[in-house]
Amino acid sequence: MNTSSHHIALAASGGSFMLLAGAWTFQAIGYAPCAMCIWQRYPHAIAIVVGVLVLLGLRHWGLYVLGAAATATTAAIGLFHTGVERDWWQGPTSCSGSGFDPSSMSGADLLSTEGPSNIVMCDEVVWELFTLSMASWNALLSLLLTGIWIAAVLMRRAR
């Protein structure tokens, strides 16, 4: 069987779809996402849109580069998020540590005794498998998808 570049691109896009579906499934069963988890979803959505465009017949190698850039971006965010979870470096003050960022709060917020009850902090690991968090798994699998996109680019450019 002769695998073409667009089949490889569709497989990579399908991988992003599966990762995004997995994130939504975890959310549906009660694992609320933190801000950085949400940030990791947007590039997957872009890779899925690229896959739809490929499916519709747009098969320019530059489109495949966009898919690779999208999955590389979510992998980078996932790696950064992993570092925040493991205390390798500090994360955004809005979603790590105490989450208290007085510069972004109004006077009423500062005086309020009520706080949101469902905030998930970016520096907390809420689920892991084989000692890897969801952010770590996203980073690893997204790097794999980036490689698949790059293979599609190289195949397309060789034509």
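The values are calculated or read from the model by the stated rules, or taken from the named source; none is laboratory data. Predicted, not measured: the structure shown is a model, and the values here were computed from it. Positions of Cβ are generated from backbone atoms using ideal geometry, with glycine treated the same way; all protein chains shown enter the neighbour counts.
Candidates in the range 43-59 are the residues that are modelled with pLDDT under 95 and part of a helix (DSSP H, G or I); of these, the one that is surrounded by the fewest Cβ atoms within 10 Å (Cβ to Cβ) is Leu55. Close contacts from the range 123-144, counting a first residue that is at pLDDT below 90 and surrounded by 14 or more Cβ atoms within 10 Å (Cβ to Cβ) and a second that is of a type in the set (S, T, N, Q) and assigned to a helix (DSSP H, G or I), with Cβ to Cβ under 8 Å and a gap of 6+ residues or different chains, come to Ser133/Thr82; Ala135/Gln40; Ala135/Thr82. Of the residues examined, Trp24 is not one that is surrounded by 18 or more Cβ atoms within 10 Å (Cβ to Cβ), of a type in the set (Phe, Trp, Tyr) and either assigned to a helix (DSSP H, G or I) or without any contact (Cβ under 8 Å) to a residue 24 or more places away in the chain (or both).
Taking residues in the range 54-72 that are without any contact (Cβ under 8 Å) to a residue 60 or more places away in the chain and farther than 22 Å from Asn138 by Cβ, and partners anywhere that are of a type in the set (D, E, K, R) and surrounded by fewer than 19 Cβ atoms within 10 Å (Cβ to Cβ), not one pair has Cβ atoms closer than 9 Å while being at least 6 places apart or on different chains. Screening His81 on (1) buried (at least 18 other Cβ atoms within 10 Å of the Cβ); (2) over 20 Å from Val126 (Cβ atoms) shows it passes everything except condition (2).
Among the residues of the range 2-28, those that are hydroxyl-bearing (Ser, Thr, Tyr) and under 10 Å from Ile48 (Cβ atoms) comprise Ser13, Ser16. Test each condition in (1) surrounded by fewer than 18 Cβ atoms within 10 Å (Cβ to Cβ); (2) without any contact (Cβ under 8 Å) to a residue 40 or more places away in the chain for Ser96 and report the one that comes out false. Failed condition: (1).
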